[in-house]
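The values are calculated or read from the model by the stated rules, or taken from the named source; none is laboratory data. Every value quoted in this text rests on a predicted model; they were computed, and no experiment measured them. Virtual Cβ from ideal backbone geometry, glycine too; neighbours counted across all protein chains shown. Each accessible area value is taken on the protein alone, full model and side chains, heavy atoms only, with ligands, DNA and RNA left out. Shrake-Rupley method; radii C 1.70, N 1.55, O 1.52, S 1.80 Å.
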Amino acid sequence: MDTTRDFKVVLLGEGSVGKTSLFSRFMLGDFDEKHNSTLQAMSKNKRLNLPDGRRANIALWDTAGQERFHSLGPIYYRDSHGAVLVYDITDRNSFVRVQNWVKELRKMLGKDIVLAIAGNKIDLEKSRSVSLEEAEAYAKDVGAEHYSTSAKLNKGINEMFTSLSTRMFDAAQTDKSTEETVLVARPSGRKSPIVIDDSASSSAPSSSSGNCCS
């Protein structure tokens, strides 16, 4: 069994839901309440040691959420192994938008991509407009897992990426087992290589003032 794998993960969601804050908290361990809105995609790599001893090398991509950048989405999530779909628990429209992203990812990448849905800004619980029960039921319905997060309080983020990485590992092992079964059944067949994208480059984000996100 492979104990180390490279995975590409993309962060998707509306503008101001906190994608960049989650990105910074997980990748850099910091939080900036006054950060600027992301206007281009950026990526960083992080090595994550899982509880079962396996190691995931994650190339995490943060994307611009504004509607005018929507057409660029396929460029960034192409070849992704996993996706974190982020919504603001105080903004119901951002939750509806997540549902549209799920449909698009399933259409473009099929069921191979592993999905996590993050209900972000739980530090604003008193202003919640999307119930936890509804969000969890939706995630279960589409084969995703739901996580409650706050970049401001550093809540739920490491747990989410650890669980997502474990699920991506399991999905990759399942794909490999299926492939080997086919090869045994048809020994004359030629094994196709599993291509892992571990060379994602970073593009420096240009930014303009925007709402801060927890």
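What does the accessible area per residue of segment 89-134 come to in Å², with a 1.4 Å probe and no ligands, DNA or RNA counted?
Working: 2430 Å² over 46 residues.
Counting only protein heavy atoms, the per-residue value for segment 89-134 is 53 Å².
Could you rank the peptides 84-93, 53-62 by their average count of other C-beta atoms within 10 Å per residue, with the highest value first?
The packing order, highest mean first, is 84-93, 53-62.
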